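What follows is one structure encoded as structure tokens, with my remarks underneath.
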Amino acid sequence: MSDPNYAHHFSERNIPFGIGSSAQFTSPQAVTRIQNTVISLSALHRHGFFKQISETELPEAALTSTTLNQFAALPKSTHRVVQQTIRDAYTAKAFDAFPDEAKEELGSVTLHLPVQIGDFTDFSCSLEHVKNAGRIVVNNANPPPAFFQLPVGYQGRCGSILVSGTEIERPIGQFRSRPAPGSNEPVKILCGPSRAVDYEVELAAIVGKPLPMRKRLDAKDAEEHIFGYALFNDWSARDIQGLEMVPLGPLNGKSFGTSISPWIVTLDALHPHKASVPQPAHAPNGIPSYLQDPDNSSHDITIRVEVLAGKEKQATVTGTTKVQSMYWTPKQMLAHLASSGSALRTGDIAATGTVSGETRETLGSLLEATNGGTDPVKLSDGTERGYLQDGDSVRLVGWAGGEDSGVGFGECIGELVAAQPL
């Protein structure tokens, strides 16, 4: 990649939203980005850029807040006017359109967690991932019957969601030993640093417009409540996860760190890249009406995952996968969350689960790509990986349509560091 900052992902067709601070923007605040220039929304507001929007429709506090929650909860019509105003100004005069106090070079800006997260639900929407994981972990590739009836998921630990660039510490936990094939050594329960740390390539939907408790939602209407999407790496300790998942599900094998990209790309920016998804054969008797979506669409989003290893941090592409290949869509995820009467709150995250395709080149985890660590992937520095080693970094890069479409997510990156003693 010629530009390590992915400037080509952030054309004026994108106008994403994030939280940034710098010597010029001294406190974390709402920002956007065009190419490698970060622009303060509150500074634009002070210079009268959004005078066509009333203070009631766009309160200054929403732009000076240290999270995007208040801004994300505003009507989509307000987000559109903000984006279009910035787009029109840039189209007319490029960066000269913006006052100096509103601009900062990307390298001088610290990017923060974009939203305050109240709830995080991790789904499992990829049929290929479910089949692969079942085959590898329990020697049964048949998805559970519920998979075809509803988007299955579990509640995650939102306190361990970290902005891209934050180190991830190898977790300590309990797991089963793995005696050598043919050995008479019994399986034991060990406690120590995980021996099977993995990544999971996911897309996160961030809730904008809230939905009160006991107010249901149909999938066809769910996009009204999605502020935008971000890249999401749900780091996983497969050995810890394998012991604790029976009978309840993932816990410490998933809660040691989850990386999210700093820029939230709105559905308006992604609209030109709408894509129909294959009409799945759901449950034999059909699915409930709240999950039915006549539009049956997602977005043409590609996510590439790279492992960066060695002193030189050489990058090896270990998978490239398509979001629209998933069995269930983000719209159906949100509709299912609300179907029990649960509230959707601004800043809540609903993640897709691992996105995987049908071939090794399109798999979204090392669990799948290495067949549970038994068939390692070869890296460009000459080493191999069954699972991640300390010092390895994992980078997700995502874009809509073609990689040069000007609407992308940039990167989501994290480095795995050694476990600290208990």
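The values are calculated or read from the model by the stated rules, or taken from the named source; none is laboratory data. Only a predicted model underlies this, so the values are computations on that prediction, with no experimental measurement involved. We place every Cβ from the backbone using ideal geometry, glycine too, and count neighbours over all the protein chains shown. We work out accessible area using only protein heavy atoms, side chains counted, and drop any ligands, DNA or RNA first. Shrake-Rupley method; radii C 1.70, N 1.55, O 1.52, S 1.80 Å.
Out of (1) in contact (Cβ under 8 Å) with a residue 12 or more places away in the chain; (2) open to solvent by 50 Å² or more (accessible area, probe 1.4 Å), what's the single condition that is false for residue 88?
Tallying (1) in contact (Cβ under 8 Å) with a residue 12 or more places away in the chain; (2) open to solvent by 50 Å² or more (accessible area, probe 1.4 Å), residue 88 fails exactly one: (1).
Rundown of residues vs (1) modelled with pLDDT under 95; (2) part of a helix (DSSP H, G or I); (3) assigned by the TED database to the domain that holds residue 353; (4) buried (at least 16 other Cβ atoms within 10 Å of the Cβ), yes/no style:
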{"residue": "132", "(1), (2), (3), (4)": "no, yes, yes, yes"}
{"residue": "136", "(1), (2), (3), (4)": "no, yes, yes, yes"}
{"residue": "146", "(1), (2), (3), (4)": "yes, yes, yes, no"}
{"residue": "151", "(1), (2), (3), (4)": "no, no, yes, yes"}
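Between residues in segment 399-422 that are modelled with pLDDT under 95 and residues that are of a type in the set (S, T, N, Q), which pairs lie under 8 Å by C-beta distance while being six or more apart or on different chains?
Partner pairs satisfying both residue conditions: 403/302.
Of the residues 24, 29, only one is without any contact (Cβ under 8 Å) to a residue 40 or more places away in the chain, open to solvent by 10 Å² or more (accessible area, probe 1.4 Å) and touching a helix residue (DSSP H, G or I) at 6+ places or on another chain (Cβ under 7 Å); which?
Among 24, 29, only 29 is without any contact (Cβ under 8 Å) to a residue 40 or more places away in the chain, open to solvent by 10 Å² or more (accessible area, probe 1.4 Å) and touching a helix residue (DSSP H, G or I) at 6+ places or on another chain (Cβ under 7 Å).
So, in segment 156-192, of the ones that are assigned to a strand (DSSP E or B) and among the β-branched types (Val, Ile, Thr), which residue ends up nearest to residue 419 (Cα to Cα)?
Looking at residues that are assigned to a strand (DSSP E or B) and among the β-branched types (Val, Ile, Thr), I get 172.
Considering segment 32-45 alone, what residues qualify as being closer than 21 Å to residue 6 by Cβ and open to solvent by 20 Å² or more (accessible area, probe 1.4 Å)?
Residues satisfying the conditions are 35, 36.
Go through segment 40-83 and report how many residues are among the polar types (S, T, N, Q) and either on the phi > 0 side of the Ramachandran plot or not in a loop (DSSP other than H, G, I, E, B) (or both).
Summing the residues that are among the polar types (S, T, N, Q) and either on the phi > 0 side of the Ramachandran plot or not in a loop (DSSP other than H, G, I, E, B) (or both) in segment 40-83 gives 8.
Kindly indicate whether residue 286 is small (Gly, Ala, Ser) and either farther than 29 Å from residue 14 by Cα or assigned to a loop (DSSP other than H, G, I, E, B) (or both).
yes
Which condition from (1) part of a loop (DSSP other than H, G, I, E, B); (2) touching a residue at least 40 places away in the same chain (Cβ under 8 Å); (3) on the phi > 0 side of the Ramachandran plot is the one that residue 382 breaks?
Evaluating residue 382 over (1) part of a loop (DSSP other than H, G, I, E, B); (2) touching a residue at least 40 places away in the same chain (Cβ under 8 Å); (3) on the phi > 0 side of the Ramachandran plot leaves (2) as the failure.
Looking only at segment 179-209, filter to residues that are surrounded by fewer than 17 Cβ atoms within 10 Å (Cβ to Cβ) and in contact with a helix residue (DSSP H, G or I) (Cβ under 8 Å, 6 or more places away or on another chain); which one of those is nearest to residue 67 (Cα to Cα)?
Among residues in segment 179-209 that are surrounded by fewer than 17 Cβ atoms within 10 Å (Cβ to Cβ) and in contact with a helix residue (DSSP H, G or I) (Cβ under 8 Å, 6 or more places away or on another chain), the one nearest to residue 67 (Cα to Cα) is 209.
With the requirement that a residue be among the polar types (S, T, N, Q) and free of Cβ contacts under 8 Å to residues at least 40 places away in the same chain, what does segment 339-378 give you?
The answer is 340, 359, 370, 374.
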